[in-house]
Amino acid sequence: MSFGIRVAFAALALMMGHVAMAISLETAAAAEGPPNVVLIISDDQRWTDFGFMGHDVIRTPRLDRLAAESAVFPRGYVPSSLCRPSLATMISGLYPHQHQITGNDPPPGTDRAAMLKHIRRIPTLPRLLGEAGYLSHQSGKWWEGSYELGGFTHGMTHGDPKRGGRHGDEGLAIGRKGLAPIFDFIEECGEKPFFIWYAPFLPHTPHRPPERLLEKYRAPDRPIELARYYAMCEWFDETCGQLLDHLEEKNLAENTLVAFVTDNGWIQKTPQTKLPEGWRNPFAPKSKRSPYDGGIRTPIMLRWPGQIRPGRYDALASSIDLAPTILAAAGLEAPKEMRGIDLLKVIEAGGKSERDALFGGIYEHDVVDIDRPAAGLLYRWCIAGDWKLIVPADGSAPEVYNLAADPHEERDLAAEKPEVLARLQGRLDAWWPGRG
């Protein structure tokens, strides 16, 4: 047999070996069943305030490790920078003007229960996963009445306003008082796949961290308000570590998709913060409830050992992508109403994405009309490449920023870049005109 023929046979054998290995891995994955899913949601944390995002003071060793093991999208966003509409988007994969949950509280004089009709009518991850045999557990922040209304099979929030139910009630104990309810749920699941909604009231106010953590951040030149917030971020990180450790101890980590996101940003107000006249919020402007990156930007992470290649991806990502991505991982098709994309495909393509723009809207804290989202609209925003457009709903002048050169949005370029303004305005209006 000639050398050339021997090489050809060797190459063919090697190729067949790779094919056999691929088939073997695919068969093993199928035998293992669909992945468990854990969704970790930080509550009121700025996109910069993690070690893996470059913060030089806040320590987040467990989330840093998760980032090293994950596909990380540093340019992740939530459509709206207020917790209730943001969380409703995560559970449904819909924009706020689609699911119509645009504010935290109902109009004055309106029963809170009147807003719950929307969570009943929209598709939710727990309901869709339940059709494939998943059990699901809600803990932490949850505004939509009892956990059952969202389709969860298990949960902590009762949602009864007569017993103090508003945005989590008994569920808000998770993290701050341990994770026993989640651990008990995992044990109860046995061999069934599970979905966990871990949305602890952390690092959200009240900023009352353990003294052992606060001591680490006290400094003569650091306002105590900032030290408390920093310590809360590390406390949240510790609880994430406890949950991730438990998955490893139970030999569940290998077949569990862990997703991470924040509900909205936060810039801690201190006595030195320059504030507009009449500002009464504990956070600084251009953060929570604003259309600026301090309010809407978040890192998004996905870890699934052996299935997702760790690394950093520059593609734009949004919390509307979480539902279709999780459904795809479970082998399910996303409902046509969901406008997000499957981030698993973006990862497989090395970060190349079919999307070139993101969109969102900011609304009044208290809903103006529970059936008409546009009634409470404050801003719409659009990001395309490095450019960002913010359009106030009251007709005020729009703002344009170059996020690559000006990540904290300090220089409005609308007057200097009318062509960018016009282009992004067209994209924004095509997405949703903010009327009707």
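Values for this structure:
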read-out	value
Sparse-neighbourhood loop sites, trypsin sites (Lys or Arg not before Pro) in region 193-258 - DSSP loop, at most 14 other Cβ within 10 angstrom	Arg218, Lys250
CD proxy at 222 nm, helix term only [per DSSP H run n ≥ 4: -39500 (n - 2.57); per residue of the chain; nearest 500]	-9500 deg cm²/dmol
Straight-distance crosslink candidates among aspartates and glutamates, where the alpha carbon sits under 18 Å from Lys177 and sequence neighbours closer than 8 are dropped	Asp43, Asp169, Glu211, Glu234, Asp237, Glu238, Asp245
Long-range HN-HN contacts of Ser318 with modeled amide H, under 5 Å	Tyr77
Straight-distance crosslink candidates among lysines, where the alpha carbon sits under 21 Å from Lys192 and sequence neighbours closer than 8 are dropped	Lys250
Candidate values (1) 79, 53, 43; (2) 88, 54, 51; (3) 86, 50, 48, label of the one derived for Cα extents along the principal axes in Å	(2)
Spacing of the two label points (7 Å from each Cα toward its C-beta) at Asp64 and Arg427, in nm	3.4 nm
Computed magnitude of the charge dipole of the chain (debye, nearest 20; Cβ of K, R +1, Cβ of D, E -1)	400 debye
Over 28 Å between alpha carbons, listed pairs Lys288/Lys336; Lys288/Lys352; Lys117/Lys388; Lys117/Lys162	Lys288/Lys336; Lys288/Lys352; Lys117/Lys388
Rg/Rh ratio calculated on Cα atoms of region 278-416 (Kirkwood radius)	1.01
Helix runs (DSSP H) in the chain reaching 30 Å along axis by Cα, Kyte-Doolittle at least -0.5	3-32, 224-249
HN-Hα J in Hz across region 115-120 - Karplus 6.51, -1.76, 1.60, θ = phi - 60°, x for Gly and Pro	6, 6, 5, 6, 5, 6
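Where a number appears in this text, it was derived from the coordinates with a stated rule and is not lab data. Computed from a predicted model, the values in this text were never measured in an experiment. For neighbour counting, all protein chains shown are included, and Cβ atoms are generated from backbone atoms with ideal geometry for every residue, glycine included.
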